[in-house]
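These notes are about the structure you will find just below.
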Amino acid sequence: MTVNRKILTLDEFTIQQMRQFPTATGELSSLLRDIGLAAKRVNVEVNKAGLVDILGDHGSINVQGEEVKKLDIYANNQFMGVLQHGISCAGIGSEELDDFVVFDDEISNNSKYVVQFDPLDGSGNIDVNISIGTIFSVYRRISEIGKPCTKEDFLQPGSRQVAAGYIIYGSSTMYVYATKRGVNGFTLDPAIGEFCLSHPDIKCPPSGKVYSINHGNFFQYTPNTREYINVCQKKDKTNGGPYTQRYIGSMVADVHRNLMKGGIFMYPGTIDKPKGKLRLLYECNPFAFIVEMAGGRATNGKERIMDIIPTELHQRTPLFIGSKDMMDELDTYISKDLV
Ligand code: P6P
């Protein structure tokens, strides 16, 4: 029987990567594998969501003021559980939880990292079978090792991330994560229950033909943002177009498509909500890290997303993210905006 050694599982890949750093303790590799384990458990429930009573509202409202879906809570508990029982994480911040959680046990207090995550982004789409996702961000803690983690560990700028990633529960289930060494994608092989390396060394094409934005808010956007949208619509073969507009309403799906094929995703501020809708710590920072490591850019319309100094766990920010050349062109229209 020939053994196909070309397929690398997530475990094999993370161990291979770790071996290239003799001083590595293996904590980050272990954390990334823990996230993969939780993702497989969430995937099982997402895939049968139509068959069991795990759809619909949990009957509670989260800190965002949004209806909590039962699957949101399930996913939150799975990711928090593997991180709390692992060897690498001192505490977590979650979209579903009002405040950060300090694990405060001996192993966790001696762990190097903290993790922020959105356990199930786009959960409003669960009931209609549209792709949804998990987004996470990993920081080396700045508080004293050996003691419980502190709020300062969770309010670091995105430039201090050591890893970030997402899982997209779509036509297939993919786990994409970035470290300072690059971006790699793993597709779940349900036959063996393993994430297998399917998209090594992902690069974001420097340009693309897709722009993603919610046109329903068009007249709420600032004039410069509206001007750029008009430019996108007027593109033709003579100036890098024609563009097409693709917007799923699930950030993980929209940004993943644009990362792989080139494009730009925008969730601008509006006149009513100048900070927009998306959350800095567990939505925008992780994707900014991933897209930048793949060669793209991410800003809030005035500055790099990862340079923003956070002041609170659930703060929002406008987001413009995607192919470098498209982001450079965008800047010529919206950099004049007051965010
Ligand atoms: P809108 C999903 O609720 C989400 O947080 C992101 O996944 C998505 O990109 C965005 O909101 C969609 O928001 O206002 O366009 O429906």
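Charge dipole of segment 231-339 (Cα centre as origin; +1 on each Lys and Arg Cβ, -1 on each Asp and Glu Cβ, all else neutral): 300 debye, rounded to the nearest 20. The angle between the Cα long axis of helix 251-261 and the main principal axis of the chain comes to about 80°, on a 0 to 90 degree scale. Extension gain, Ser159 to Lys235, is 24.0 nm, computed as 0.36 nm per intervening residue step minus the present C-alpha separation.
In the chain, helical runs assigned H by DSSP with n ≥ 4 each contribute -39500 (n - 2.57); averaged across all residues and rounded to the nearest 500, the mean residue ellipticity at 222 nm is -8500 deg cm²/dmol. Within straight-line reach of Lys112, meaning a Cα separation under 22 Å, sit the following lysines at least 8 residues removed in sequence or on another chain: Lys147, Lys151, Lys180.
Relative to the longest principal axis of the Cα atoms of the chain, the long axis of helix 223-234 lies at roughly 80 degrees. Taking only Cα atoms, what is the 0 to 90° angle, nearest 10, from helix 27-47's long axis to the longest principal axis of the chain? Around 70 degrees separate the two axes. Seen from a random direction on average, the alpha-carbon convex hull of segment 210-334 projects onto 7.2 square nanometres.
Oblate is the label for segment 10-199, because the ratio a/c of its alpha-carbon gyration tensor axes (a ≥ b ≥ c) is 1.5 or higher and a/b is not greater than b/c. Using the Cα gyration tensor of segment 227-300, with a ≥ b ≥ c the square roots of its eigenvalues, what is the shape: rounded (a/c below 1.5), prolate (a/b larger than b/c) or oblate (neither)? Oblate shape, in that a/c is at least 1.5 and b/c is the bigger or equal ratio. Distance from the Cα centre of segment 301-329 to that of segment 221-286, in angstrom? A separation of 12 Å, based on Cα centres. Just report the Cα centroid separation between segment 191-217 and segment 82-144, whole Å. Cα centroid of segment 191-217 versus Cα centroid of segment 82-144: 22 Å apart.
Basic side chains Lys and Arg get +1 at the Cβ, acidic Asp and Glu get -1 at the Cβ, and with that the dipole of the chain about its Cα centre reaches some 1240 debye. Computed from the Kirkwood radius of its Cα pairs, the Stokes-Einstein diffusion coefficient for the chain at 4 °C and 1.567 mPa s stands at 63 µm²/s. Place a label point 7 angstrom from the Cα of Ile309 along the Cα-to-Cβ direction, then list the residues of segment 270-291 whose backbone nitrogen is under 15 Å away. Taking a point 7 Å out along Cα→Cβ of Ile309, no residue of segment 270-291 has its backbone N under 15 Å. Look at the dipole of segment 210-334 built from charges on Cβ: of Phe265, Leu280, Leu313, the Cα furthest out on the positive end belongs to Phe265. Each principal axis of segment 67-146 carries a Cα extent, and these read 45, 20, 18 Å when sorted largest first. Cross-link reach is defined here as a Cα-Cα straight distance under 27 Å, omitting same-chain residues fewer than 8 places apart; for Lys48 the lysines meeting it are Lys40, Lys69, Lys70.
Any read-out appearing in this document is the output of simple, stated calculations on the displayed coordinates, not a laboratory observation. Bear in mind the structure is a predicted one, so any value in this text is a computation, not a measurement. Glycine also receives a Cβ, built like all others from the backbone with ideal geometry; neighbour counts cover every protein chain displayed.
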